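Take a look at the structure below.
The values are calculated or read from the model by the stated rules, or taken from the named source; none is laboratory data. Treat the numbers as computed from the prediction; the structure is a model and nothing was measured. Cβ sites come from the backbone with ideal geometry, for glycine too, and all protein chains shown count toward neighbours. Calculation scope for accessible area: heavy atoms of the full protein, side chains included, ligands and nucleic acids excluded. Shrake-Rupley method; radii C 1.70, N 1.55, O 1.52, S 1.80 Å.
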Amino acid sequence: MTAMLGSKTNWFLRVAVALAAAMILGKAAGAQGQDFSKVQIKAAKVSGNIYMLEGAGGNIAASVGDDGIVIVDDQYAPLADKIQAALKDLKITDKPVRFVINTHYHGDHTGGNAPFATSGSTVIAQDNVRKRLETGGLAGNGGSLRMENAPAPKAALPVITFDHDVTVHLNGEDIRALHFPAGHTDGDAVIFFPKNNVVHMGDDFVRYGFPFIDVASGGSVQGMIAAMEKVSAELPADVKVIPGHGALSNLDDVRAFVKMLKETSAAVQKAIDEHKTVDQMKQEKILAPWSKWSGEFIDSDKFIETLYNSLTGTKGEFMKHN
Ligand SMILES: [Zn+2]
């Protein structure tokens with residue numbers, strides 16, 4: 001009886017996690033069932049000719065000017081028309097979205113690739129983004145968080161890919177996408193708008209609490225720390241930071257995030273060195289000092305799993321649903 005209750009509870013938990021994950025990853029059935037009709041796209045000026053668009057899914061950065069429009073990430077396919085309308089409503093240019101740059105492959109950042117490509121935009125991304133979109137596969141934290149991504153349609157695949165970096169010269173700016181390996185995923189790019197002093201971090205920096213690190217797709221906490229430390233060391237102190245999810249931020253916010261990642265990693269590493277199991281770490285609530293970061297999507301237990309798997313190189317096995 002206890003066992004039955006236990007497995008039922010687990011099943012409910014798995015469903016709850018899958019739904020939360022769907023909101024972030026955007027590829028699962030849960031996301032397709034999401035009602036996008038009520039989503040409004042809010043565009044706000046960040047600096048100069050750079051705008052930030054929020055709707056559902058990852059934040060969009062837009063360079064809007066005489067040469068046309070470049071956007072970074074494109075949320076979900078059903079929102080593409082609303083995103084186009086919001087860009088038109090700025091009344092800055094009638095020229096189209098010429099380029100879409102993806103920060104990584106997750107569906108809440110690339111879902112609009114196909115409709116944007118169909119209406120004439122060229123999609124640019126790191127090599128691994130195209131590979132992962134093309135093949136589909138497992139996303140997850142190497143533990144209880146697992147999401148299967150179906151292969152993306154051909155129209156959604158980036159047409160231009162890069163290994164290390166690429167620069168788009170438009171609207172008087174050298175918009176640069178730089179690859180940071182093994183952070184949120186293995187195909188992350190941080191996008192710099194140097195003239196306007198703006199950066200889009202993708203999901204290497206998010207504001208929803210403990211981050212989702214897609215260990216199953218080559219992500220790692222070590223890579224996320226390295227990426228954010230390198231970026232924050234090189235950028236001007238007053239740079240405006242667009243996170244993958246959440247409100248416009250600054251470098252102090254990024255530093256607080258990195259500090260938390262380092263401290264929680266050290267706590268889990270210490271427990272690993274003491275030969276504790278993941279269950280013991282959860283029972284002992286070893287991340288309690290950082291509980292303010294525990295969120296709906298990635299709570300302390302999920303983050304213990306993430307850090308454990310990341311620090312031990314465990315990618316997790318995909319378990320099919322019954
Ligand atoms: Zn993501």
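Separation of the range 86-147 and the range 148-162 by C-alpha centroid, Å?
What the calculation gives is 8 Å, centre to centre.
Just how much of PHE180 is accessible, in Å², when a 1.4 Å probe is used and the result is rounded to the nearest 10?
Here the residue's solvent-accessible area equals roughly 20 Å².
Excluding the sites themselves, what is the longest stretch of the chain that contains no GluC sites (Glu not before Pro) in a DSSP loop with at most 16 other C-beta atoms within 10 Å?
Longest gap between qualifying sites, sites excluded: 1-273.
Which percent of the accessible area of the chain is formed by carbon and sulfur heavy atoms (probe 1.4 angstrom)? Each step should come with its number before you reach the end.
Values: 7820 of 14320 Å².
The value for the chain is 55 percent carbon and sulfur by accessible area.
Which of these, GLN75, GLN40, GLN280, has the largest mean-square fluctuation under a Gaussian network model of the chain (Cα springs below 10 Å)?
Judging by the Gaussian network model, the answer is GLN280.
Using a 1.4 Å probe and counting only protein heavy atoms, arrange ARG176, ARG255 so the residue with the most accessible area comes first.
Accessible-area ranking of ARG176, ARG255, largest first: ARG255, ARG176.
How large is the helix-only mean residue ellipticity at 222 nm for the chain, computed as the sum of -39500 (n - 2.57) over DSSP H runs with n ≥ 4, divided by its residue count, in deg cm²/dmol to the nearest 500?
Taking each H run of at least 4 residues, the total per residue is -10500 deg cm²/dmol.
For PHE180, what charge total do you get from the other residues with a beta carbon under 9 Å from its beta carbon, if Lys and Arg give +1 and Asp and Glu give -1?
Combined, the nearby Lys, Arg, Asp and Glu give -1.
Using a 1.4 angstrom probe on the protein heavy atoms only, could you order HIS275, HIS104 from most to least accessible area?
From most accessible down to least: HIS275, HIS104.
Once a ≥ b ≥ c are taken as the square roots of the eigenvalues of the Cα gyration tensor of the chain, is the result rounded (a/c under 1.5), prolate (a/b larger than b/c) or oblate (a/b not larger than b/c)?
prolate
Probe 1.4 Å, all protein chains in place: accessible area of ASP35 in Å², nearest 10?
The value for ASP35 is about 80 Å².
Assuming a ≥ b ≥ c are the square roots of the Cα gyration tensor eigenvalues, decide whether the range 103-187 counts as rounded (a/c under 1.5), prolate (otherwise, with a/b larger than b/c) or oblate.
Taking the square roots of the gyration eigenvalues as a ≥ b ≥ c, the range 103-187 is oblate.
Starting from a Cα-only point model with no solvent, please compute log10 I(q)/I(0) by Debye for the range 211-322 at q = 0.17, 0.18, 0.21, 0.23 1/Å.
Those come out to -0.88, -0.96, -1.22, -1.37, one per q.
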